[in-house]
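Working notes, beginning with the structure itself.
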Amino acid sequence: MRIKRMLVASVVLASTLLAVNAHDLKQVSGDSLRLSLDECVRIALSDNPTVKVADMEVKRVDYSRKEVLGQLLPSLNFTGSYTRNLSLQTIYMDAGGGETRAIKMGRDNQFSTGFNATIPLVMPTLWKSLKVSDDQILQNLEAARANKLSLVHQVKNAYYAQLLAIDTRRVLNESYATAKFVADVFAKQFAMGAASEYDVLRANVAVTNLEPSLLEVDNSIRQLGLQLKMLMGMDVRTPLVLTQSLEDFKVRMYDRTLATDTSLTRNTSLRTLELQTESLRHTLEMRKAAWWPTLSGSASLMWSSMSNGNPLRNFMWTKSSSVGLTLSLPIFQGGQRYYRQKQAEISLNEMKWRRENLERSLQLQVQSQMDNIVKSLKQVESNAAGVRQAVKANEIMHESFKIGAATFIQVLDTENALLDARLAYFQTIYNYLVAENELEYTLGNSHFVNE
C-alpha cells in the first residue's frame with residue numbers, strides 16, 4: 001500500500017502544480033472533443049494568447065527598425081509663419097559731422113512660407129544602429145521561439161499528468177470493483193453462516209480504503225483537464241477526451257532514446273546569449289562611430305512678404321531658394337563617448353564568461369536528464385515484468401482460494417501487490433515521458449517549433 005499511496009500522492013502533486021483557480025464550472029452539453037497529444041500542442045501554438053503576444057512583439061520591433069531606417073531617408077517639411085511687429089527695430093548710423101541718424105527697419109506684417117528638405121549623407125552612428133535594430137528583431141524571434149518551446153513543454157507535461165491520473169483511476173476502479181464484489185460475496189456468505197464476521201469486516205475495509213484514493217484521482221483529472229484547456233486557449237467548459245494512453249508512448253521509447261541528438265545548438269538560452277553578444281558587438285561599433293564626422297545636405301524654397309497696416313492687404317511676395325552642406329566634426333564632449341565605449345567593451349567581455357558558465361550548466365542538465373531517461377527505461381522493463389508476475393501470482397492465489405488452499409488475507413495481499421505493480425508500471429512510463437520532455441525542452445529540439 002505504500003507504493004500505491006506514493007503514486008496517488010504524485011498524481012495529486014502534479015495536479016496541484018498545474019491547477020488553475022476554476023470552481024463550480026459546469027460541462028456544456030454536446031459531443032466531446034477527442035484530441036491526441038500532437039493535436040493539443042498544435043491547437044495551443046495556434047490559440048494560446050501568450051504565443052500571439054510574442055508574435056505581435058516581433059512585428060513591433062520590425063516597425064521600430066523601419067523607424068530607424070527612416071532617419072537615413074530625406075525629410076521634407078512645409079513651414080509657414082506670420083509675425084506682427086508692434087515696434088519696428090531701430091538702427092543708428094553716423095551721418096557725418098557728428099550727426100547720428102535713426103532708421104527704423106521692417107514693416108508691420110511679415111509672412112513666410114515654403115519647403116525645407118534635409119538629407120543625411122554620412123551618418124556612421126545611424127548606420128551602425130541599423131545593425132543593433134536587426135539584432136533586436138532576431139532576439140525577439142528567438143524569444144517567440146522560446147515562448148513556444150515553453151508552451152509545448154507545459155502542454156506535454158499536462159497531457160502526460162492527465163494520462164497518469166486516468167490510468168491510475170482505471171487501475172483503482174478495477175481493484176475497487178473486485179474488492180466490492182468480494183465484500184458482497186462475504187456478506188452473503190456471512191448471512192448463510194459460511195463466513196466469519198472478521199472476513200466481512202476485512203473485505204469492507206479493503207473497499208473503504210480505496211474510496212479516498214478514487215476521489216483524489218477524480219479531482220486530479222478534473223483539475224489537469226482544466227489546465228490543459230487553458231494552455232490550449234480553449235473554453236474550459238468544452239468536453240475534452242484524450243485519445244492516447246501512457247502505453248501508446250511506450251512503443252517508441254527505445255527508438256527515440258537512441259536517436260536523441262544532445263547537441264546544444266538549438267538551446268534557446270544559449271542562442272539568446274549569442275544574439276545578445278552580437279548585439280553588444282554592434283553596440284560597441286556604434287559607440288566607436290560616434291567619433292566620426294557627419295555630413296548632411298539641405299535645401300529650401302521660401303516665399304516671404306512684408307506689408308504695413310492691414311495684414312490681409314498689400315502682399316508683396318518674393319521667392320528665395322538655397323542649398324547647402326553641413327559638416328559636423330565632434331572634438332570634445334567631456335569624455336562621454338570614451339566612457340560609453342569602455343562600458344560596451346566590458347559588457348562584451350562579460351558575455352564570454354556568461355556563455356562559458358551557461359554551457360557548463362546546460363551540459364550538466366542534459367547529462368542528468370539522459371541518466372533519468374536511461375533509468376526510467378530500465379525501470380519500465382522491470383516493472384512490466386513485475387506486473388506479469390503479480391498477475392500470475394494473483395491468478396494462482398484465486399484458484400487456491402477456490403479450493404480452500406488459501407485464506408482471504410492471502411488473496412487480499414496478492415490483490416494489493418497487483419495493484420501496486422500496475423500503478424508502479426504506469427508511474428515509470430510517466431517518469432520516462434517527463435524526463436524526455438525535459439530533455440527536449442533543454443535541447444530546444446521540439447519538432448512542433450522547428451518544423
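The values are calculated or read from the model by the stated rules, or taken from the named source; none is laboratory data. Source: prediction; values computed, not measured. Neighbour counts are summed over all protein chains in view; Cβ atoms, including those assigned to glycine, are modelled from backbone coordinates with ideal geometry.
For the reader, a short list of remarks on this structure follows.
- Among (1) in contact (Cβ under 8 Å) with a residue 40 or more places away in the chain; (2) surrounded by 14 or more Cβ atoms within 10 Å (Cβ to Cβ); (3) not aliphatic (A, V, I, L, M), the one test that R354 misses: (2)
- Filter result for F448 (more than 20 Å from Y176 (Cα to Cα) and either in contact with a helix residue (DSSP H, G or I) (Cβ under 7 Å, 6 or more places away or on another chain) or without any contact (Cβ under 8 Å) to a residue 12 or more places away in the chain (or both)): yes
- Qualifying residue in segment 287-305 (condition: of a type outside the set (S, T, Y), part of a helix (DSSP H, G or I), touching a residue at least 12 places away in the same chain (Cβ under 8 Å) and under 30 Å from V434 (Cα atoms)): no
- When T294 is tested against the conditions (1) at pLDDT below 90; (2) under 29 Å from V122 (Cβ atoms), the lone failure is (1).
- Against the test of being of a type in the set (F, W, Y) and free of Cβ contacts under 8 Å to residues at least 40 places away in the same chain, the options Y92, Y82 yield a single qualifying residue, Y92.
- Only one of L231, L214, L246 that is out of contact with any Phe, Trp or Tyr (no Cβ under 8 Å at 6 or more places or on another chain) and assigned by TED's automatic domain parsing to the domain that holds C40: L231
- If the condition is being more than 13 Å from K375 (Cα to Cα) and of a type in the set (F, W, Y), then segment 421-451 contributes Y425, F426, Y441, F448.
- Count - residues of segment 147-195 that are more than 19 Å from K402 (Cβ to Cβ) and either crowded, with 17+ Cβ neighbours inside 10 Å or touching a residue at least 40 places away in the same chain (Cβ under 8 Å) (or both): 28
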